[in-house]
Amino acid sequence: MADTLLIDLFKKLGSIAVQLAKQEINLLVGVDKEVQKLQDKLGMIKAMLDDAEERQPVKLRTEKNWLERLQDQYYEIDDILDTWNTARIRAEIEKEEGKPADTNAPAVVKKKVCSFVPSPSCCFNLPLRHDVGHMIRKLNEKLDMIFKDKATCGIDFNRQPDVVKRQTTTSFVDVSHIIGRDKYRDDLLRNLLDVGSQDERNSYRVISLVGMGGIGKTTLAQLAYNHPDVQAHFQKRMWICVSDPFDQCKVAKAIIKEVDPKHGPLDDTELQTLLCEIQDLIKEKKYFLVLDDVWTEHSEEWEPFKHAFENGVRGSRILVTTRKLTVAKMIGSALPINLEVLSDEDCWLIFRMAFSNEEDLKNLEDLGRKLAFKCKGLPLAAKLLGSLMQNNRSREQWNKILNSNLWELEDIENIEKSILAPLLLSYYELPPTMRRCFSYCSVFAKDYIFRRDQLVLHWMAQGYVESKTNMEMEDIAEAYFEKLAMRSFFQDFKRDEYSDGKIIGCKMHDIVHDFAQLMTKTETFETDGDKEIDCQSARHLHLKISKERHCLESIYRAKNLRTLYLLSREKDYEFEMLNSFHHFKCLRTLILDCLIKKLPDAVENLIHLRCLFISENVEIGELPETFCNLCNLQTLKIENCPYFKKLPQGMSKQINLRHLIFHDRSFSRDVVFPKGIGKLIGLRRLSEFNIGDKNGTEGCKLGELKNLNQLRGTLRICGMENVVNVDEAHNAQLKDKIHLRGLDLMFGEIFYPKREERMENDVKVLTALELPPNLQRLTIRGHKGNTIYPTLPTLGQVPSLEVLEIEWLVNVKKVGDEFLGIEDSKNKKDYGIIFPNLKSLQFKEMINWEEWIGMGGRGENDNGIVTNPIIMPRLQSLEIYCCKKLKSLPNYLLTAPLLKKLEISYSSLLIKRCQRGTGENWHKISHISNIKLDGMWVQRDGEPQSDSKIYGSDCENSPEV
């Protein structure tokens, strides 16, 4: 029907025009099906690229070029599909707002076309349907050409995978060539040679050497294996190079041959028989077995050997070398030894060993030392770099290499013989998704401090995180990070002391970074404008901006960028962003760390943007309203930006937003949050939330939190003093935030003049709140009540609470049993355990607090009913800061069984009573192993200390209220 009407309409234009019009209408109508086909092709191409990398890690140039062409088409398909999906999301948002779905097309055109074409979906953004239809047609033509060239380029997905050669290790070593491992050697020997306790579960103990490739694990194992004391201590020594894949029978046969070199043929022997033979051979023998280069993490492959090894004499040892901490844990290592890098001086000593004649280095030592230091403590790199340089005596060449990245010295076809070769095995052992996550780290400079949560957000933005049913993207990406860390791709870990040592930050070794750059050298570039980049292939760009090199015309040709990191430390040069937003329309991640005072309205052109990081050098005060049209945005992070004061009003349209983060000094209680932010029910992280003014003229109310039940991490709520209606506290429904682990309640305006008014209101609000059930950390600051209320319901009964901070409660003079939630110390009620998991308790700036009392102990009355509760049985740390009127501490704290750290600062009365040996309360605290008074350790690890004082607060000058 539609086709007939259209044909009649265009008859007067002639047959050619009719055919063209028909094609255009068919293109419009058929776009939905073509988009679905394109989605299927995207999955197929991704599988082909992953398969090609798995099967052919070292590629011929023709293969490499073909795969790069296919990769380019993958990105193009992804962009087209994302453009299509974005338009659909916008249409739905506009429909919700009661606006027309297509505001770009002229109304008269929409009316005519929609009357001819029966399908309702045809009316959806006609210009876009037209453009996408043509893009898909051209794209299919390109793909047809690429697949026609597949056979010509030698691409064969059916052939067996190429195997990256793995070096077989032996126990032989020249001990005189081992440098800088004395401490590790001594520790290892001590653990190999000690008798072991009689209550050890097994007759043998497993020790593991863990570290990145090339750090010297095998060398240290060789050193121990050949040490005279080890040779004399064990009756049998066995060296097995395990490598990958883990072949149980092969390993078992190798062990047998090591124990009994004259053993007969074992060609067709089953594993069961081999293990029985091992049992017989090691029976009543104290053995030392080295399993070098173990990769397998599958416990079922190791399990059969565990029982066979039990047949030896107590005191036997198994030494495992591995790049993965997970392997050490799987094998049951009692002592994982993580090898650290060598000193720069030791690297120089290894480097110079490549030169047999000292005269060869006479005029090159200064450069040689710098080259050795470039290895950043990796002994194998120092050795190989020395070998590379020994046949070259030119200072010019040495300077050239010194000023290059190591990856720039490498030829991909010969990487197996290069300095970076040890990392190749670790890289190809990763699944494709994790390879992409690892390689993405090359976007950042060497020595960059990676934040765990930040990397997760970047990986999500780039689409590297595969979705799984009933699993959050963030959790999947976190698992990727853990696996990369356990495989020694990261180092220098910073851990959260309150989260069981969870890694929160790390660095990447320079040589690992070089390797990551090598793996992405056609896509990832770092430049300050003086280096040409391949504009067609560039996907990730780290651009250092300077006023000397502000001409970016060549950079603007890189229209396919998915990551743009703009960095500048120049305070007097403002970077103009407008052109960037017109050119870089494919961006998924934008990091701004340069002087920018305004984001232009053109930011809405970045329709694919998932992640925007705004760092401390940016001086913008607010985001334009057009920013709200970025409906794909997942993360907005504003870090250390004191100028920022206002979020745009239309943020409720950003329905895919998962993380809204203000970090460190960036947050101000003056930042205005828009009304309607509570519609962003997909938020997983809302680091800060400002409650608007009491008059409701600006900002949003506490009740906006009601439906944000996916929130995770820590939520800091500022402006609690602006909550005048207790119903708002109920409306927040904090009790439904089951994933929230941290909560900061900030009441502000510490020296508020209308004390009575604030006191009554603050008490009502705090009493009305219901805590998240799985809360681990809680801070209450600036509350004007005169008591630390337990009616923030059953605070002492929150089962997961580990950290409690109370700050600036200036009206509190006395803390008693009400803090514990005990109505009356004479009450016979059984309160069970109060604060059952609390580990850290802090009181700060309680400037009028005088007395802290409370019941303690636990007993029974005449009828056997428990009368006194157990209080804080897991408390480990107590800190009192600037509580200058406080005189004493309650007994239930001082008798806490696990309390090991007490720190009191700027609290003169209490400090006087706690002085070592002379204070009247010293006998109550002397059992605590670590005590610090006014910045001075008076006792550490149970021993007296005499460190100098550390000052740095004007707390003692704080006014009384």
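Within the group Glu851, Glu805, which residue is surrounded by fewer than 16 Cβ atoms within 10 Å (Cβ to Cβ), in contact with a strand residue (DSSP E or B) (Cβ under 6 Å, 6 or more places away or on another chain), at pLDDT 85 or above and not basic (Lys, Arg)? Give the steps one after another, and end with the answer.
Working: Glu805 fails: surrounded by fewer than 16 Cβ atoms within 10 Å (Cβ to Cβ).
Among Glu851, Glu805, only Glu851 is surrounded by fewer than 16 Cβ atoms within 10 Å (Cβ to Cβ), in contact with a strand residue (DSSP E or B) (Cβ under 6 Å, 6 or more places away or on another chain), at pLDDT 85 or above and not basic (Lys, Arg).
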*Say whether the condition of being crowded, with 20+ Cβ neighbours inside 10 Å, among the aliphatic types (A, V, I, L, M), more than 30 Å from Gln272 (Cβ to Cβ) and touching a residue at least 12 places away in the same chain (Cβ under 8 Å) is met by at least one residue in the stretch 351-370.*
no
*Listed residues Cys437, Cys441; which is closer than 22 Å to Val210 by Cβ, at pLDDT 90 or above and touching a strand residue (DSSP E or B) at 6+ places or on another chain (Cβ under 8 Å)?*
Cys441
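Just the residues that are within 20 Å of the chain's Cα centre (by Cα) and over 16 Å from Met460 (Cβ atoms), please, taken from the stretch 625-659. Step through it out loud before you land on a result.
Filtering the stretch 625-659 for residues within 20 Å of the chain's Cα centre (by Cα) gives 633-640, 657-659.
Once the filter is applied, which keeps residues that are within 20 Å of the chain's Cα centre (by Cα) and over 16 Å from Met460 (Cβ atoms), the stretch 625-659 yields Ile638, Glu639, Asn640.
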*Go through (1) modelled with pLDDT of 90 or more; (2) open to solvent by 50 Å² or more (accessible area, probe 1.4 Å) one by one and return the number of the condition Pro245 breaks.*
(1)
*Consider Trp348 against the criteria (1) open to solvent by 60 Å² or more (accessible area, probe 1.4 Å); (2) at pLDDT 90 or above; (3) touching a helix residue (DSSP H, G or I) at 6+ places or on another chain (Cβ under 7 Å); (4) not hydroxyl-bearing (Ser, Thr, Tyr): it satisfies all of them except one. Which criterion is unmet?*
(1)
*Within the stretch 80-99, identify whether any single residue is open to solvent by less than 40 Å² (accessible area, probe 1.4 Å), closer than 21 Å to Leu633 by Cα, modelled with pLDDT of 75 or more and of a type in the set (Asp, Glu), and answer yes or no.*
yes
*So which residues in the stretch 539-561 are within 22 Å of Ile80 (Cβ to Cβ), open to solvent by 10 Å² or more (accessible area, probe 1.4 Å) and charged (D, E, K, R)?*
Arg557, Lys559
*asked:* Quick test of your reading of the structure: Glu548 fulfils all but one of (1) more than 30 Å from Leu838 (Cα to Cα); (2) assigned to a loop (DSSP other than H, G, I, E, B); (3) of a type in the set (Asp, Glu). Name the failing condition by number.
replied: (2)
*Matching residues, the stretch 120-169, being at pLDDT 85 or above and of a type in the set (Phe, Trp, Tyr)*: Phe147
*Name the pairs whose Cβ atoms lie under 7 Å apart, with the first residue in the stretch 298-320 and in a strand (DSSP E or B) and open to solvent by less than 10 Å² (accessible area, probe 1.4 Å), the second small (Gly, Ala, Ser) and at pLDDT 90 or above, and 6 or more positions between them or separate chains?*
Leu319/Ala221; Leu319/Ala224; Val320/Ser208; Val320/Ala328
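Condition check ((1) in contact with a Phe, Trp or Tyr (Cβ under 8 Å, 6 or more places away or on another chain); (2) under 25 Å from Glu760 (Cα atoms)) across all residues:
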site	(1), (2)
Lys701	no, yes
Leu705	yes, yes
Leu711	no, no
Leu715	yes, yes
Met720	yes, yes
Val723	no, yes
Ala732	no, yes
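Table: residues versus (1) modelled with pLDDT of 85 or more; (2) in contact with an Asp or Glu (Cβ under 8 Å, 6 or more places away or on another chain); (3) closer than 23 Å to Met846 by Cα.
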position: Glu879; (1), (2), (3): yes, yes, yes
position: Leu893; (1), (2), (3): no, no, yes
position: Arg940; (1), (2), (3): yes, no, no
position: Asp947; (1), (2), (3): no, no, no
position: Pro959; (1), (2), (3): no, no, yes
*Unique residue being open to solvent by 10 Å² or more (accessible area, probe 1.4 Å), within 24 Å of the chain's Cα centre (by Cα) and of a type in the set (Lys, Arg) when the list is Arg669, Arg610*: Arg610
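For Phe172, state whether it is open to solvent by 40 Å² or more (accessible area, probe 1.4 Å), modelled with pLDDT of 80 or more and more than 26 Å from Asp78 (Cα to Cα). Even if it seems obvious, please write down each step before you answer.
Numbers: open to solvent by 40 Å² or more (accessible area, probe 1.4 Å): yes; modelled with pLDDT of 80 or more: yes; more than 26 Å from Asp78 (Cα to Cα): yes.
Yes, satisfied.
The values are calculated or read from the model by the stated rules, or taken from the named source; none is laboratory data. Since the structure is predicted, the reported quantities are computational estimates derived from the model, not experimental observations. All Cβ positions, glycine included, derive from the backbone under ideal geometry; neighbour counts span all protein chains shown. The area values use the complete protein model at the heavy-atom level, side chains included, leaving out ligands, DNA and RNA. Shrake-Rupley method; radii C 1.70, N 1.55, O 1.52, S 1.80 Å.
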